[in-house]
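Shown next, in structure tokens, is the structure this report addresses.
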Amino acid sequence: MYSSFEIRPATESDQEKLNFFLRYEFFIHQHLDWQPVLDWLGFQPFYLVIHDGEIIACLAAPSEVNEVAWVRLFACSSLYSRTEIWNLLIDRIITSYQGKISKIAVLGIHQWFVDLLLTQSFTVHQNIIVLEWFNNIDSQPQSLPGLIIRPAEFVELSKVAILDARCFAPLWQLPEQSLKKAFQQSGYTTVAVYQEKIIGYQMTTTSYSSAHLARLAVDPDFQGNNIGKALLVDLFSHYSEAGIYKITVNTQDDNFSSKSLYSHMGFILTEEKYPVLIREI
């Protein structure tokens, strides 16, 4: 049966058919991203499975940074074996990279996908946990003399991207192009500036009655000086003045310094968590 399948790279001309396919299928994994999933059309690897002229599955895993590729999209018609379709597509993905990456990562949002991956050489690398803050503002902590917290400007995002790469492992880095897209969608982005150098930043998205702290980073050379706390206190004040008193944040369950900071600043751990699964290749 599978010999009759056509597997080919997706192109921008497939957008209408992909939209139709994704609208009606149930087994769909979409990565939590700064751009709509079909904006990855034109970036490879992004493969389709075609049967009798119709799309029955797709898998997209373009890499933005060295070493790692996140699965941006996997969808499979309920009429076919998800495991067998996955194996067909992931083999194409791995072959296409020709050794240029060392791991493929998936954020386990749906249990059906997690269960599939655990039978396919993926292991749980860590868990993403969710914390919440509710209107608890500390006074501005003592930090570096002359430290300035101010709104970020689009023209300085290249410097912020360099800082981001210094602060995060490749798995969690946000390259400049994605940072610019994130900035355009953010509700409040600030930088910490010391002696005319950006040494920290935060980026938060806003909904009707809450906000989500999406990025918080401090230059490793300046950690231990309450830079993160200063960014958070400014963030809390900004949203409290806007009448928003709930802020969420995600972090890794093994990031103990991050967990300690958020706990100290009044964030409370929720029961919500998502596994990060990795396959070494």
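The values are calculated or read from the model by the stated rules, or taken from the named source; none is laboratory data. Predicted, not measured: the structure shown is a model, and the values here were computed from it. Cβ placement follows ideal geometry from the backbone for every residue including glycine, while neighbour counts extend to all protein chains displayed. Side chains are part of the model used for accessible areas, which takes the heavy atoms of the whole protein and leaves out ligands, DNA and RNA. Shrake-Rupley method; radii C 1.70, N 1.55, O 1.52, S 1.80 Å.
The table below gives the values:
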item	result
Top-ranked residue in the stretch 1-10 [being free of Cβ contacts under 8 Å to residues at least 60 places away in the same chain and either closer than 18 Å to SER78 by Cβ or open to solvent by less than 60 Å² (accessible area, probe 1.4 Å) (or both); ranked as nearest to the chain's Cα centre (by Cα)]	ALA10
Residue within the stretch 65-77 that is closer than 18 Å to SER4 by Cα, touching a residue at least 40 places away in the same chain (Cβ under 8 Å) and assigned to a loop (DSSP other than H, G, I, E, B) present	yes
Yes/no for LEU89 being touching a residue at least 60 places away in the same chain (Cβ under 8 Å), surrounded by fewer than 18 Cβ atoms within 10 Å (Cβ to Cβ) and either not β-branched (Val, Ile, Thr) or not in a helix (DSSP H, G or I) (or both)	no
Options ILE104, ILE109: the member that is at pLDDT 95 or above and buried (at least 19 other Cβ atoms within 10 Å of the Cβ)	ILE104
Residue identified as of a type in the set (A, V, I, L, M), closer than 29 Å to PRO145 by Cβ and in contact with a helix residue (DSSP H, G or I) (Cβ under 6 Å, 6 or more places away or on another chain) among ALA217, ALA211	ALA217
Every pair of residues 6+ apart whose Cβ atoms lie under 7 Å, when the first sits in the stretch 131-150 and is under 16 Å from VAL193 (Cα atoms) while the second is part of a strand (DSSP E or B) and open to solvent by 40 Å² or more (accessible area, probe 1.4 Å)	LEU144/TYR194; GLY146/TYR194; LEU147/TYR194
Contacts under 9 angstrom Cβ, first residue in the stretch 40-60 being touching a residue at least 40 places away in the same chain (Cβ under 8 Å), partner crowded, with 19+ Cβ neighbours inside 10 Å and among the charged types (D, E, K, R), 6 or more apart	LEU48/ASP14; ILE55/ASP14; CYS58/ASP14; ALA60/ARG72
Residue within the stretch 115-128 that is more than 30 Å from SER237 (Cα to Cα), in a strand (DSSP E or B) and of a type in the set (Ser, Thr, Tyr) present	yes
Qualifying residue in the stretch 256-274 (condition: in contact with a helix residue (DSSP H, G or I) (Cβ under 7 Å, 6 or more places away or on another chain), of a type outside the set (A, V, I, L, M) and buried (at least 16 other Cβ atoms within 10 Å of the Cβ))	no
Selection count, the stretch 17-39, where residues are touching a residue at least 40 places away in the same chain (Cβ under 8 Å) and farther than 17 Å from ILE90 by Cα	8
In the stretch 24-54, the residues that are under 24 Å from ASP115 (Cβ atoms) and β-branched (Val, Ile, Thr)	ILE28, VAL37, VAL49
Filtered residues of the stretch 208-222 (kept if at pLDDT 95 or above and of a type outside the set (Phe, Trp, Tyr))	SER210, ALA211, HIS212, LEU213, ALA214, ARG215, LEU216, ALA217, VAL218, ASP219, PRO220, ASP221
Hits in the stretch 48-65 (condition: crowded, with 23+ Cβ neighbours inside 10 Å and of a type outside the set (A, V, I, L, M))	CYS58
